[in-house]
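The values are calculated or read from the model by the stated rules, or taken from the named source; none is laboratory data. Note that the coordinates shown come from a computational prediction; the quantities given were computed from them, not determined experimentally. As a convention, Cβ positions derive from the backbone with ideal geometry for all residues, glycine included, and neighbour counts pool all protein chains shown.
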Amino acid sequence: MRLKRKRRLLRALRKSRELRTVQDSTGRIRPGDILLFSTFRNETIRLPYFLQYYRSLGVNHFFFVDNDSDDGCLSYLKGMPDVSVWHSKSSYKRATFGVDWMNYLLRKYADGHWSLVVDPDELFVYPFCDTRPVRALTDWLDEARIRSFSAMLLDLYPKGRIDEVPYQAGQDPLDIVQWFDSGNYTIRKNERFGNLWIQGGPRARVFFADRPKIAPALNKIPLVKWSRKYAYVSSTHMLLPRGLNQVYDDNGGEKASGILLHTKFLDTFSAKAQEELRRREHYAGSVEYKAYAELLQERPELWCKWSEKYINWRQLEILGLMSKGNWA
């Protein structure tokens with residue numbers, strides 16, 4: 001595993017040649033700042049609310065890698081003092097689906113910082129997030145000597161057709177996508193890396209009903225007190241060293257955990273699915289996007305009679321989807 005981690009870090013260094021600096025505001029970063037890292041393509045419509053949401057949580061600096069967007073995102077981000085941006089025309093797939101670019105930036109800039117790694121359609125929810133900034137969480141994690149914090153990906157969707165209500169830039173996506181599957185999840189342990197592998201939700205129920213074992217993974221570890229020695233291996237599903245993946249109790253207890261509200265299923269999704277299917281830059285020949293594109297033409301709805309309407313983090317804790325552990 002040590003050798004594998006060194007290879008990941010060397011690969012990240014090599015892939016850093018694919019990044020062109022567009023805006024470097026890293027000189028403004030102070031010790032103790034909370035950082036956020038994200039890779040995207042053509043997500044300008046999501047960026048206004050994304051930035052607003054994470055600034056309100058207390059994120060101090062944003063690191064973005066733009067994978068050759070053509071929707072004006074670079075112009076939109078230009079001049080923001082808390083944003084640094086890199087651009088790459090290279091293959092997202094050959095950069096281990098963006099992981100190599102993130103590992104490089106994390107190694108160079110995030111050493112000693114609590115860092116979030118999320119996509120533009122993911123909103124981080126944690127215990128007491130309605131009353132406490134993310135720094136309260138990281139301070140508690142520091143006191144408890146916990147280096148990594150897990151958050152299950154929870155797919156949200158509208159009641160009715162996905163394309164029925166148009167999303168506007170700057171709008172809270174939860175105005176539209178308010179429903180989720182409260183059950184229907186499977187968990188197993190990855191013996192090699194020591195993390196939990198979670199699948200289920202509407203994507204397994206609808207798009208992969210006949211092939212549940214290849215449904216997208218929902219387990220993520222998006223918040224880490226970063227060290228130059230660390231490396232993500234597969235998206236934010238797992239890291240090295242292996243100890244960072246021990247985000248659950250195996251002695252009957254319950255560690256604190258969060259949720260990533262996944263707001264993928266807006267009216268913009270169908271066009272996004274078609275674009276990614278053409279590009280074939282995603283995992284396993286974009287099999288996930290192939291399933292999306294095929295089924296959305298026949299059944300552009302995910303809501304069912306067992307769907308639950310999202311209220312807040314306390315609801316998710318009651319349902320057992322996240323936990324405050326012993327953080328009071």
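Being within 18 Å of G258 (Cβ to Cβ), buried (at least 17 other Cβ atoms within 10 Å of the Cβ), in contact (Cβ under 8 Å) with a residue 60 or more places away in the chain and acidic (D, E) is true of D155.
Of everything in the stretch 292-313, what is in a helix (DSSP H, G or I), surrounded by 11 or more Cβ atoms within 10 Å (Cβ to Cβ) and either modelled with pLDDT under 95 or more than 21 Å from the chain's Cα centre (by Cα) (or both)? Give them in sequence order.
Step one: filter the stretch 292-313 for residues in a helix (DSSP H, G or I), giving 292-298, 313.
Right, trim to surrounded by 11 or more Cβ atoms within 10 Å (Cβ to Cβ) and you get 292-296, 313.
Correct list: Y292, A293, E294, L295, L296.
R188 satisfies every condition listed in (1) under 20 Å from the mean Cα position of the chain (by Cα); (2) charged (D, E, K, R); (3) part of a strand (DSSP E or B) except (1). Cβ-Cβ distances below 6 Å connect the following pairs, each with a first residue in the stretch 303-321 that is under 21 Å from R203 (Cα atoms), a second residue that is part of a loop (DSSP other than H, G, I, E, B), and a separation of six or more residues or different chains: W303/K159; E308/S182; K309/Q178; Y310/Q178; L316/M322; L319/S182. Of all the residues in the stretch 208-231, those that are farther than 26 Å from Y109 by Cβ and more than 20 Å from the chain's Cα centre (by Cα) number 6.
For every residue, the table says whether it meets (1) touching a residue at least 24 places away in the same chain (Cβ under 8 Å); (2) surrounded by 14 or more Cβ atoms within 10 Å (Cβ to Cβ); (3) over 24 Å from F269 (Cα atoms); (4) among the aliphatic types (A, V, I, L, M).
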| residue | (1), (2), (3), (4) |
| --- | --- |
| S16 | yes, yes, yes, no |
| V22 | yes, yes, yes, yes |
| G27 | no, no, yes, no |
| V59 | yes, yes, yes, yes |
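Please state which one of D70, D33 is touching a strand residue (DSSP E or B) at 6+ places or on another chain (Cβ under 7 Å) and among the acidic types (D, E).
On the way: D70 fails: touching a strand residue (DSSP E or B) at 6+ places or on another chain (Cβ under 7 Å).
Of D70, D33, the one residue that is touching a strand residue (DSSP E or B) at 6+ places or on another chain (Cβ under 7 Å) and among the acidic types (D, E) is D33.
Evaluate the following for F50: is it crowded, with 18+ Cβ neighbours inside 10 Å, among the aromatic types (F, W, Y) and in a helix (DSSP H, G or I)? Step through it out loud before you land on a result.
Values: crowded, with 18+ Cβ neighbours inside 10 Å: yes; among the aromatic types (F, W, Y): yes; in a helix (DSSP H, G or I): yes.
The answer is yes for F50.
All conditions but one from (1) of a type in the set (S, T, N, Q); (2) in contact with a Gly (Cβ under 9 Å, 6 or more places away or on another chain); (3) surrounded by 21 or more Cβ atoms within 10 Å (Cβ to Cβ) apply to N103; the one that does not is (2). Entry remark, the stretch 97-122: residues being part of a loop (DSSP other than H, G, I, E, B), more than 15 Å from L9 (Cα to Cα) and either β-branched (V, I, T) or in contact with a Leu (Cβ under 6 Å, 6 or more places away or on another chain) (or both) number 2 in total. What's the total number of residues in the stretch 252-291 that are modelled with pLDDT of 75 or more and not charged (D, E, K, R)? The number of residues fulfilling the criteria is 18. Evaluating F180 against the criteria (1) of a type in the set (F, W, Y); (2) under 16 Å from Y54 (Cα atoms); (3) in contact (Cβ under 8 Å) with a residue 60 or more places away in the chain leaves one unmet condition, (2). When the stretch 123-180 is filtered for residues that are touching a strand residue (DSSP E or B) at 6+ places or on another chain (Cβ under 7 Å), under 20 Å from Q315 (Cβ atoms) and of a type in the set (S, T, Y), the ones remaining, listed by number, are Y126, S150, Y157. Being under 30 Å from G194 (Cα atoms) and without any contact (Cβ under 8 Å) to a residue 24 or more places away in the chain: is that true of L10 here? Taking the combined requirement at face value, the residue satisfies it. For the condition part of a loop (DSSP other than H, G, I, E, B), modelled with pLDDT of 95 or more and of a type in the set (D, E, K, R), what is the one hit in R94, R55, R11, R30? The unique qualifying residue is R30.
Just need a number here: residues in the stretch 1-46 that are of a type in the set (D, E), touching a His at 6+ places or on another chain (Cβ under 8 Å) and over 25 Å from V134 (Cα atoms). Step through it out loud before you land on a result.
If we filter the stretch 1-46 for residues that are of a type in the set (D, E), which is where we start, we get 18, 24, 33, 43.
From what's left, touching a His at 6+ places or on another chain (Cβ under 8 Å): 33.
Next cut, over 25 Å from V134 (Cα atoms) only: none.
Summing the residues that are of a type in the set (D, E), touching a His at 6+ places or on another chain (Cβ under 8 Å) and over 25 Å from V134 (Cα atoms) in the stretch 1-46 gives 0.
When L77 is tested against the conditions (1) in contact with a helix residue (DSSP H, G or I) (Cβ under 6 Å, 6 or more places away or on another chain); (2) buried (at least 19 other Cβ atoms within 10 Å of the Cβ), the lone failure is (1).
Among the residues of the stretch 106-134, those identified as crowded, with 17+ Cβ neighbours inside 10 Å, more than 19 Å from W226 (Cα to Cα) and more than 15 Å from the chain's Cα centre (by Cα) are P127, C129. Scanning the stretch 309-324 for residues that are hydroxyl-bearing (S, T, Y) and under 21 Å from Y157 (Cβ atoms) turns up just one, Y310.
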